[in-house]
Each structure stands twice: as structure tokens, then as C-alpha cells.
Amino acid sequence: MSKVFIIGATGGVGSRLGPLLVGNGHSVSGLHRSPEQAEALSRAGVRPYLGDLMTMTAEDLAAALKGHDVIVFSAGAAGSGLERTTAIDGEGVTHTIAAAKSAGIKRVYLVSAFMDAARGGERKPGFEHYMSVKRASDNALVASGLDWVILRPGTLVSEDGNGRVSANLALPYGSVARGNVAAVLAALIDTPAIRREIIELTDGDRPVREAVQALVRRHE
Ligand SMILES: NC(=O)c1ccc[n+]([C@@H]2O[C@H](COP(=O)([O-])OP(=O)(O)OC[C@H]3O[C@@H](n4cnc5c(N)ncnc54)[C@H](OP(=O)(O)O)[C@@H]3O)[C@@H](O)[C@H]2O)c1
């Protein structure tokens, strides 16, 4: 069983992931930025760790991550401005990579974005910035030498989901329930043979565990 630290533990994906991991027998901690969130995390079996990515240095993050062996990064600025997007979706990830290295943690799961999102629609500067920051974070993690997995979900919908997905190295663009994203992350964490992969994800018709098992490279 793993000691998992979730960055973004109170979000739509992260708040669903925590209880799933606890249910699977993992020990789970989660970053939260306001003190009132601690109680709900504790109720879900997640050890709360107070901190704000806007001010945390890589050293601060390394202190938070010490003693864990898996990191999930599912935080995001959620359209709250260009600077916050750079700081949270961008520097948040590069600080996490540096912190993982200094805390001796190899496994990092990053929730990124499906690069086809909003294609053909009106190009808004904030969205363009968000996508380029997400891409730069993916690039940094791929170059990190860590045992990363990058998950690129389609447009997120606030539902628990029906536990059925499409997950593959390339997929037609679509939407995906936040609960299904959490379930896929939980299954990936239980399948360490999948590493150094970029996986696209939408709702689909395959049960999550089966979809994840199909991604294990049999030739390795
Ligand atoms: N929206 C989409 O359609 C879409 C599509 C593909 C990928 N994604 C990505 O998927 C990921 C998860 O999405 P989601 O819907 O679960 O996001 P969400 O509900 O907006 O949650 C974001 C999480 O990040 C945390 N956070 C924000 N600012 C922070 C800060 N300064 N310090 C520490 N934590 C901070 C939030 O904490 P609080 O609870 O305190 O706000 C929350 O836990 C994000 O990276 C997002 O960019 C989104």
C-alpha cells in the first residue's frame, strides 16, 4: 500500500480521489489552502496539510511531501486569472517536481488537459494561456526523470460518473465525469507497471479497471 499526497485534494477530482484511495487501503494526505477544509478531509480519511501553492516554495512542498511515495497533482487555478494559472498550474507543477526529487519520491501523477479542448471555438486569451501552461508542465514532468503518468481528461463534468471510460494514448475528444477521472487515477496508482505514459481520457463504455489494465505494456 502506498502513502499518497494529493495536491488539489479539495477539488472536484481530488475530493473524489481521496476516499477512493483510502478505501483501497492507501494512506492519504491532502493539501488544502483554507483551515475550514481540514474537517471534511479528515472525515474522508485524508490527513490534511495546510498550504497555498501561491506562496509555497519547492522546499515548503518537499517538507509537506516527506514520507510519501506517490504524488497526485490535480490542483488548478480554474480560470481565476493568468497570473494564478501560471503560479498554480505551472509553477505548482515545477515546484512539485523539484520537491519530489528532494523528498526522494519517484511516482507523480499529473492531471493535465486534453490538447484538443475548445478547438474550432472562439480563442480566448485566458484559455490559450491555460493550455500553454498545461503543455509546459507536461513537458517539465516528462523531462524530469521521475516515474510520471500524465492524464489528459476531456472537458470535466461535475458528476460521479458511471465507472465506464475510454482511456488510451490517443482518443477522439469528449467529456468525462470528475468521478471517472478520480477512479482512473486510483486504478493507475494500483497499477505501477504503467509509468512514463501520457493517457487521454473521456467517458466511455469500458469499466475503469479494465480500461487501465489494457494500458499495461505487455512487451516490457
Ligand atoms: N475544467 C475542465 O474541463 C478541465 C479539463 C481537463 C483538465 N482539467 C484540470 O483537471 C484538474 C482538476 O480539475 P478539478 O475540476 O478537480 O479542479 P477544481 O475543482 O477547480 O479543484 C482545483 C483544486 O486546486 C486547489 N487549489 C487552487 N488554488 C490553490 C492554491 N493556491 N493552493 C493550493 N491549492 C489550490 C483547489 O483548492 P480549493 O478547494 O481551495 O479551491 C482545489 O483543490 C485541474 O488541474 C484542471 O486544470 C480541467
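The values are calculated or read from the model by the stated rules, or taken from the named source; none is laboratory data. This one's a predicted model, so the numbers in the text were calculated from it and none came from an experiment. With ideal geometry, Cβ positions are generated from the backbone for all residues, glycine too; neighbour counts draw on all protein chains shown. In case anyone asks, the SASA skips ligands and DNA or RNA and just uses the protein heavy atoms, side chains included. Shrake-Rupley method; radii C 1.70, N 1.55, O 1.52, S 1.80 Å.
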Report yes if some residue within segment 133-154 is open to solvent by 60 Å² or more (accessible area, probe 1.4 Å), more than 14 Å from the ligand (Cβ to nearest atom) and β-branched (Val, Ile, Thr); otherwise report no. yes
Mind listing just one residue for me: the one in segment 96-126 that is open to solvent by 60 Å² or more (accessible area, probe 1.4 Å) and touching a residue at least 24 places away in the same chain (Cβ under 8 Å) and, of those, farthest from GLY51 (Cα to Cα)? ARG119
Verdict on LYS106 being of a type in the set (Lys, Arg) and in contact with a strand residue (DSSP E or B) (Cβ under 7 Å, 6 or more places away or on another chain): yes
Would you tally the residues in segment 41-57 being open to solvent by less than 20 Å² (accessible area, probe 1.4 Å) and more than 11 Å from the ligand (Cβ to nearest atom)? 1
Consider ALA78 carefully, then state whether it is aliphatic (A, V, I, L, M), under 20 Å from VAL133 (Cα atoms) and open to solvent by 20 Å² or more (accessible area, probe 1.4 Å). yes
Does ILE189 meet the test of being of a type outside the set (Ser, Thr, Tyr), in contact with a His (Cβ under 8 Å, 6 or more places away or on another chain) and more than 11 Å from the ligand (Cβ to nearest atom)? yes
Does segment 9-22 contain at least one residue that is closer than 24 Å to LEU201 by Cα and either aromatic (Phe, Trp, Tyr) or in contact with a Phe, Trp or Tyr (Cβ under 8 Å, 6 or more places away or on another chain) (or both)? no
Residues of segment 12-31 satisfying the condition of being part of a strand (DSSP E or B), near the ligand (Cβ under 10 Å from one of its atoms) and touching a helix residue (DSSP H, G or I) at 6+ places or on another chain (Cβ under 6 Å): GLY30
Going through segment 1-26 one residue at a time, which ones are modelled with pLDDT of 95 or more and open to solvent by 40 Å² or more (accessible area, probe 1.4 Å)? LYS3, THR10, SER15, ARG16, PRO19, LEU20, VAL22, GLY23, ASN24, GLY25
Would you check if there is a residue in segment 106-126 being closer than 19 Å to THR57 by Cα and within 11 Å of the ligand (Cβ to nearest atom)? yes
